[in-house]
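J.: The following block contains the structure, expressed as structure tokens.
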Amino acid sequence: MKIQSVGTNPSLDFGELLKSGKIFPCGIQNFREMRTDGYIYVDKTKQLVQLINTGKSYFLSRPRRFGKSLTISTLEALLSGRKEYFSGLYAEPWLNRKDYRPTSVILLDMSMSTVNNDLSDIDNAIVRSVKESAKDFDIEISEQNPVDAFLELIDTLYYPKRIPIALLIDEYDSLPLRYIDKPEIAHNVRLVLQDFYRQIKANDKKFNFIFVTGISRFSMTSMFSALNSLTDISLDSDYATICGYTQNELEENFATAIKYNSLIKGVSISDYIHQMKSYYDGFSFDGDTRVYNPYSLLMCLKKNKFVNYWFGTATPTYLENYIVTKKIKIEDYVGYPIHENQIINASEIEITSPALLLYQGGYLTLEKRIREYTYILNYPNEEVYQSVGELLARSIYGETRDTKDMQTDIYSALIKKDMQGLMGIINCIIESPGYDTFYELSKVKNVKHESFFRDMIAIFMFGTNEIDVSREVFGSRGRSDIVAKVGGRTYLLELKVSYPGDNPVKLLEEARVQINTRKYFIQHFFTSNIVTTSAVVIDDEQRKIVKYDVVDMKKETILACENNEAQ
């Protein structure tokens, strides 16, 4: 069996590899598939070997789309002795030592279990997970009760030779979290799972290794109390990077991809890395070490677009509904102190603090440690900030036809280069009655209104998948407010806000001069022959555009002028 290693080979035709769809393991959660089909694997086996060597039972909490399932899959291959998949990895010599003995591994993926709202088939859902694991050993489970089925699998594997087995449970909390807004159902789910998980502790002697993952740890509940023998490594600095990619891992494993993508984008490697860091880095699970969201980073490298991949795939439905229906203002928890005990010893899920749910869901991260066991929360990166904006838009406007129509109209206006139409749509966005609450909040918090208007305009563009949009785009001479790419054309918006006593005409000229002197448009000529620049002045009191000016910058004309100036 040939294992391909393609991460840093500069001789590869990277364009062809990208077209093949292989290389970047976007959404790939199976370790064996990753190692046999030519995907890049960032080696995390040193930490996994350390786990196995130093303890027996663990719990790890991470947000969705952060690599928990891949970690489980890698552990399964490692414990069961599939040496052929570990060639060149840290764990290879550990597997090849003389005293190594493979272990039978029960893997239960609780996220695969589906149930109806009336919970009529919850028992069947859990039994299905047990039977799915039993297939790996050609074992047919006869029992139909979750506890009995689980015990049947454990005993069938353990008793013939009394050799301890390993247990891996992925997304242990998947079922009850679906019913966060239905407390009675969530309570009943936990009662069923309590009996199920209690069997782990009762059969402890039959296991030599246990690893459980989830989004949350609500240790005061009866469900997790059945698992109270697990060592929680969620905040352990030794395992802060067990999921996600560090800066060094990014640059070592994806050097060729970064070089290729930056060349296509027409930017320097350092600028490309800076933008990746701004968008997808910044998650911390110990208040010190930072990691990239692996799914978003891989999608960015594959598509070579700096857009929001996280919101649509990583936000649990329960959390999105909770934030919108409870009208949780996420910005209220930026800079909010959270104690380690609040994370490790959380109360019932229905009454736990919004700060903890936002942290566990990935909307906020541990920015830094301010005391021995206390951290400050903050947004991890640009992508999550955009996701917060998406939720904010839903809170303000709701998921109405008008909202979707405005997003469709934005796309249509940009495709047709209808700048007058675009300005009219922007006025509809910032004049919306539902905007008042948040606009007044921005005044109280002394938020710079230019940033506030910029973010609200960008929110609607973010919601239109056909548009590649970025805000505060970093360049060698400054940052442009909004850059949108669609239909082979780049649009650049520079905003100014007019307050009482200001001269809108003068502000418009300032915006024009800023665009021209800082030459924001230059870097975009690598991907577009025409860059349409718009200087826009918004009246703060009227909340509408009062002046705007549109200029098409043509690549051949601008570059010719640049060359003449250089000579």
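J.: State which residue is surrounded by the fewest Cβ atoms within 10 Å (Cβ to Cβ) when the search covers only segment 31-53 and only residues that are β-branched (Val, Ile, Thr) and over 21 Å from residue 257 (Cα atoms).
T.: Within segment 31-53, the match that is surrounded by the fewest Cβ atoms within 10 Å (Cβ to Cβ) is 49.
J.: Which residue is least open to solvent (accessible area, probe 1.4 Å), if the candidates are limited to segment 329-371 and must be modelled with pLDDT of 85 or more and charged (D, E, K, R)?
T.: Across segment 329-371, the extreme among qualifying residues is 340.
J.: Would you call residue 56 over 22 Å from residue 303 (Cβ atoms), out of contact with any Ser or Thr (no Cβ under 6 Å at 6 or more places or on another chain), at pLDDT 95 or above and open to solvent by 10 Å² or more (accessible area, probe 1.4 Å)?
T.: So residue 56 fails the test.
J.: Follow-up question, since we're still on this one. Kindly establish whether residue 514 is modelled with pLDDT of 75 or more, surrounded by fewer than 14 Cβ atoms within 10 Å (Cβ to Cβ) and assigned to a helix (DSSP H, G or I).
T.: Taking the combined requirement at face value, the residue does not satisfy it.
J.: Continuing with the same structure: Pairs only if they're at least six apart or on different chains, beta carbon under 8 angstrom, first in segment 47-69 and farther than 23 Å from residue 246 by Cα, second open to solvent by 20 Å² or more (accessible area, probe 1.4 Å); list them, first residue then second.
T.: Sorted first by the residue in segment 47-69, then by its partner, the pairs are 55/231; 56/208; 57/229; 57/231.
J.: Residue check, residue 405 against (1) closer than 24 Å to residue 489 by Cα; (2) part of a helix (DSSP H, G or I); (3) at pLDDT 85 or above, all met but one. Which one?
T.: (3)
J.: Of the residues in segment 60-109, how many are buried (at least 20 other Cβ atoms within 10 Å of the Cβ), among the charged types (D, E, K, R) and part of a helix (DSSP H, G or I)?
T.: 2
J.: Could you grab me the full set of residues in segment 329-362 that are in contact (Cβ under 8 Å) with a residue 40 or more places away in the chain, outside any helix (DSSP H, G or I) and within 22 Å of the chain's Cα centre (by Cα)?
T.: Answer for segment 329-362, where residues must be in contact (Cβ under 8 Å) with a residue 40 or more places away in the chain, outside any helix (DSSP H, G or I) and within 22 Å of the chain's Cα centre (by Cα): 329, 334, 335, 336, 362.
J.: Sticking with this one: Go over the candidates 283, 306 one by one and state the one that is modelled with pLDDT of 75 or more, closer than 30 Å to residue 256 by Cβ and in contact with a Pro (Cβ under 6 Å, 6 or more places away or on another chain).
T.: Answer to the selection: 283.
J.: What is the one condition in (1) open to solvent by 10 Å² or more (accessible area, probe 1.4 Å); (2) at pLDDT 90 or above; (3) in contact with a helix residue (DSSP H, G or I) (Cβ under 6 Å, 6 or more places away or on another chain); (4) β-branched (Val, Ile, Thr) that residue 156 does not satisfy?
T.: Of everything listed in (1) open to solvent by 10 Å² or more (accessible area, probe 1.4 Å); (2) at pLDDT 90 or above; (3) in contact with a helix residue (DSSP H, G or I) (Cβ under 6 Å, 6 or more places away or on another chain); (4) β-branched (Val, Ile, Thr), residue 156 misses just condition (3).
J.: Something else: Kindly indicate which of 185, 180, 163, 210 is in contact (Cβ under 8 Å) with a residue 12 or more places away in the chain, open to solvent by 20 Å² or more (accessible area, probe 1.4 Å) and within 29 Å of the chain's Cα centre (by Cα).
T.: Being in contact (Cβ under 8 Å) with a residue 12 or more places away in the chain, open to solvent by 20 Å² or more (accessible area, probe 1.4 Å) and within 29 Å of the chain's Cα centre (by Cα) holds for just one of 185, 180, 163, 210, which is 185.
J.: Return a yes/no flag: does segment 65-85 have any residue that is modelled with pLDDT under 95, more than 21 Å from residue 163 (Cα to Cα) and polar (S, T, N, Q).
T.: Yes, that holds for at least one residue.
J.: Would you mention how many residues in segment 279-315 are hydroxyl-bearing (Ser, Thr, Tyr), part of a helix (DSSP H, G or I), surrounded by 19 or more Cβ atoms within 10 Å (Cβ to Cβ) and under 10 Å from the mean Cα position of the chain (by Cα)?
T.: Summing the residues that are hydroxyl-bearing (Ser, Thr, Tyr), part of a helix (DSSP H, G or I), surrounded by 19 or more Cβ atoms within 10 Å (Cβ to Cβ) and under 10 Å from the mean Cα position of the chain (by Cα) in segment 279-315 gives 3.
J.: Among 467, 545, which is under 28 Å from the mean Cα position of the chain (by Cα), open to solvent by less than 30 Å² (accessible area, probe 1.4 Å) and either at pLDDT 75 or above or under 29 Å from residue 408 (Cα atoms) (or both)?
T.: Exactly one residue qualifies, and that residue is 467.
J.: With within 30 Å of residue 320 (Cβ to Cβ), hydrophobic (A, V, I, L, M, F, W, C) and at pLDDT below 95 as the only criterion, which of 163, 169, 141 stands out?
T.: 169
J.: Filter segment 124-148 down to residues that are loosely packed, with under 15 Cβ neighbours inside 10 Å, farther than 19 Å from residue 165 by Cβ and touching a Ser or Thr at 6+ places or on another chain (Cβ under 8 Å), then give me how many there are.
T.: Total satisfying the criteria: 0.
The values are calculated or read from the model by the stated rules, or taken from the named source; none is laboratory data. Because the structure is predicted, anything quoted here is derived from the model rather than measured. Backbone-built Cβ (ideal geometry, glycine too); neighbour counts: all protein chains shown. We work out accessible area using only protein heavy atoms, side chains counted, and drop any ligands, DNA or RNA first. Shrake-Rupley method; radii C 1.70, N 1.55, O 1.52, S 1.80 Å.
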